[in-house]
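Any read-out appearing in this document is the output of simple, stated calculations on the displayed coordinates, not a laboratory observation. Note that the structure is a prediction, hence the values are computed from the model and not measured. Cβ placement follows ideal geometry from the backbone for every residue including glycine, while neighbour counts extend to all protein chains displayed.
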Amino acid sequence: EDEAPTKDEL
Amino acid sequence: MNIFRFAGDMTHLMSILILLLKIYATKSCAVGISLKTQELYALVFLTRYLDQFTDYVSLYNSVMKVVFIASSLAIVWCMRRHPLVRKSYDKDLDTFRHQYVLLACFVLALLLHEIFTFQEVFWAFSIYLEAVAILPQLVLLQRSGNVDNLTGQYVLFLGAYRGLYIINWIYRYFTEDHFTRWIACVSGLVQTALYADFFYYYYLSWKTNTKLKLPA
């Protein structure tokens, strides 16, 4: 299942 | 990480530190500053950085999350607890019913999120909440017209933060193949529109205040 993109923004 | 996002984070941090310094260092009263907006901001960081201990992105990311949470809570603590500051905070003016905003954002997060997990729903909640967190401050400014404690630098850095983040999203859209952050981008645009409204009222208040001061 497609993983949510990593939250790299603050 | 691109320069636009880094500069955006720095200006965002500067806006928080300027407000904290203004309130704490000068022991000045907090007239014209909405405690509710500051509480909503603290909640934005607390609900957005739940992944602090589970997902490691970078040292910068982890350090900045702690700094944002600590500085925003410090402002709330100052306005609530500091004997000098809390006396001056005019709660009968800061009457925006932010409970409704909290509820609306939470319901929206339950409906609109990337993945239905605890962290993702709270992440979406924090994105929506950040967009509308300025409302109590906007209402207070329209009522009190007092910009003394909301220094121009505070507004300047807040605007720079939003503008740089939008440039960051445009930059990432063109440089990264599948960069889609619809929730953050759409909510960020709404937030920037509300900030523009806030800046408009800030400018009006600042202009009328300077006019008022002239004849004195």
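Structure notes:
- Along chain B, longest interval not containing exposed trypsin sites (Lys or Arg not before Pro), exposed being DSSP loop plus at most 12 other Cβ atoms within 10 Å: B:98-216
- Across B:SER187, B:SER126, B:SER58, mean-square fluctuation computed from a Gaussian network of chain B (C-alpha pairs under 10 Å connected) peaks at B:SER58.
- Spherically averaged projected area in nm², based on the convex hull that wraps the Cα atoms of the stretch B:1-97: 7.0 nm²
- Computed helical MRE - 222 nm, chain B, DSSP H runs ≥ 4 contributing -39500 (n - 2.57), nearest 500: -25000 deg cm²/dmol
- Nearest-0.05 FRET efficiency for B:TYR203 and B:VAL31, computed from C-beta distance (R0 22 Å): 0.70
- When chain B is treated as a Gaussian network with alpha carbon springs shorter than 10 Å, the biggest mean-square fluctuation among B:ILE170, B:ILE134, B:ILE183 belongs to B:ILE170.
- FRET efficiency for B:SER62 and B:ALA193, using Cβ-Cβ distance with R0 set to 41 Å, rounded to 0.05: 0.85
- With one equal scatterer per alpha carbon and no solvent term, the Debye-computed log10 I(q)/I(0) for chain B at 0.10, 0.14, 0.17, 0.18 1/Å reads -0.45, -0.89, -1.31, -1.45.
- Residues B:LEU189, B:LEU141 arranged by fewest to most Cβ contacts within 10 Å: B:LEU189, B:LEU141
- Considering every alpha-carbon pair of the stretch B:149-202, the percent of pairs per 5 Å bin, from zero through the bin containing the longest distance, is 4, 18, 26, 20, 14, 10, 6, 2, 0.
- Taking the Cα centre of the protein assembly as shown as origin and assigning +1 to Lys and Arg Cβ atoms and -1 to Asp and Glu Cβ atoms, the resulting dipole is close to 1440 debye.
- If you take all other residues with their beta carbon under 12 Å from the beta carbon of B:LEU204, and give Lys and Arg +1 and Asp and Glu -1, the sum is +1.
- The stretch B:34-143 - Debye-derived log10 I(q)/I(0), Cα point model, q = 0.15 Å⁻¹: -0.71
- Calculated diffusion of the stretch B:1-57, Stokes-Einstein form, Kirkwood radius summed over Cα pairs, 20 °C and 1.002 mPa s, µm²/s: 159 µm²/s
- The stretch B:42-99, Rg to Rh (Cα coordinates; Rh as Kirkwood inverse mean 1/r): 1.12
- Pairs of Lys residues in the protein assembly as shown, spaced 8 or more positions apart or belonging to different chains, with C-alpha separations under 24 angstrom: 15 in total.
- Proximal charge balance of B:ASN61 [Cβ under 15 Å; K/R count +1, D/E count -1]: -1
- For chain B, built as a Gaussian network whose Cα springs stay under 10 Å, the top-fluctuating residue of B:GLU114, B:GLU130, B:GLU39: B:GLU114
- Taken over the stretch B:125-171, the percentage of Cα pairs per 10 Å bin, counting from 0 up to the bin with the maximum distance, is 21, 45, 29, 5.
- Histogram of C-alpha separations across the stretch B:90-216, 5 Å bin width, %: 2, 10, 16, 17, 17, 15, 10, 7, 4, 2, 1, 0
- Temperature 4 °C, viscosity 1.567 mPa s: under these conditions the Stokes-Einstein estimate for the protein assembly as shown, based on its Kirkwood radius over C-alpha pairs, is 71 µm² per second.
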